[in-house]
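Here is the structure we will look at, set down as structure tokens.
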Amino acid sequence: MEPKRCIDSLTVKNSHVLPPDTNSHGTLFGGKLMAYIDDVAAIAAVRHCRKPVVTASTDSVDFLQPVFEGDTICLEAFVTYTHNTSMEVFVKAITENLLTGDRKVCTTAFLSMVAVDENNEPTPVPPVYPESEEEKWLHDGAKRRHEHRKARRKESKELAEKFGTGLPWLPDEK
């Protein structure tokens with residue numbers, strides 16, 4: 001497969017933060033922001049591989065600044081690394097007070113997306129290559145994050161097996 005540039009998957013989404021999107025503190029619900037993050041990550045991944053994708057993991061979502069009602073939120077996402085059938089997508093969210101023009105990076109996240117075929121089976125994706133200094137920096141750390149992701153997934157599977165579908169203090173219902 002022909003390698004693709006990181007920038008070719010760039011996806012940008014802007015939203016106005018309205019009252020139904022906020023909690024009792026007048027700030028954007030974290031879950032709402034996480035849904036936006038998953039959405040832009042999926043679009044970026046599909047732009048990269050031109051195949052359907054599923055979210056395999058959300059490695060991190062770090063809320064750095066609050067997003068207030070009336071602000072806008074701008075999310076930028078692009079593929080930073082690929083591995084066989086998976087893609088790492090970096091997402092950055094910027095909050096802006098439209099009245100003052102004050103802008104702050106409010107959230108960063110890494111997600112893993114997997115390309116799937118018509119049978120929902122993982123399918124290969126093209127390699128990605130960085131060009132800018134920032135893309136290269138993200139790409140250079142991606143193998144470490146990939147290994148961490150694999151170890152965390154193994155631990156999650158062990159937890160699922162140990163605790164099963166029942167409540168932790170009750171035997172599994174079969």
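Scanning region 18-39 for residues that are free of Cβ contacts under 8 Å to residues at least 60 places away in the same chain, in contact with a Leu (Cβ under 9 Å, 6 or more places away or on another chain) and not aromatic (Phe, Trp, Tyr) gives ASP21, THR22, ASP39. Tell me whether region 95-106 contains one or more residues that are over 30 Å from PRO19 (Cα atoms), surrounded by 14 or more Cβ atoms within 10 Å (Cβ to Cβ) and either among the β-branched types (Val, Ile, Thr) or touching a Pro at 6+ places or on another chain (Cβ under 7 Å) (or both). Among the residues of region 95-106, not one is over 30 Å from PRO19 (Cα atoms), surrounded by 14 or more Cβ atoms within 10 Å (Cβ to Cβ) and either among the β-branched types (Val, Ile, Thr) or touching a Pro at 6+ places or on another chain (Cβ under 7 Å) (or both), which makes the answer no.
Each row is one residue, and each column tells you yes or no for (1) within 24 Å of PRO122 (Cα to Cα); (2) over 13 Å from the mean Cα position of the chain (by Cα); (3) loosely packed, with under 13 Cβ neighbours inside 10 Å.
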{"position": "MET1", "(1), (2), (3)": "yes, yes, yes"}
{"position": "CYS6", "(1), (2), (3)": "yes, yes, no"}
{"position": "PRO20", "(1), (2), (3)": "no, yes, yes"}
{"position": "HIS25", "(1), (2), (3)": "no, yes, yes"}
{"position": "VAL40", "(1), (2), (3)": "yes, no, no"}
{"position": "VAL61", "(1), (2), (3)": "no, no, no"}
{"position": "VAL79", "(1), (2), (3)": "yes, no, no"}
{"position": "SER86", "(1), (2), (3)": "yes, no, no"}
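From the list LYS32, LYS51, the one residue that fits, being outside any loop (DSSP other than H, G, I, E, B) and charged (D, E, K, R), is LYS32.
Residues that are in contact with a Ser or Thr (Cβ under 8 Å, 6 or more places away or on another chain) and part of a helix (DSSP H, G or I) within region 1-20 comprise CYS6, ILE7, listed in sequence order. Looking only at residues of region 107-124 that are free of Cβ contacts under 8 Å to residues at least 24 places away in the same chain and acidic (Asp, Glu), we find that the one that is surrounded by the most Cβ atoms within 10 Å (Cβ to Cβ) is GLU121.
Just so you know, all these numbers are worked out from the coordinates, no wet-lab data involved. Model, not experiment: these values are computed from the prediction. No Cβ is skipped: glycine too gets one built from the backbone with ideal geometry, and neighbour counts run over all protein chains shown.
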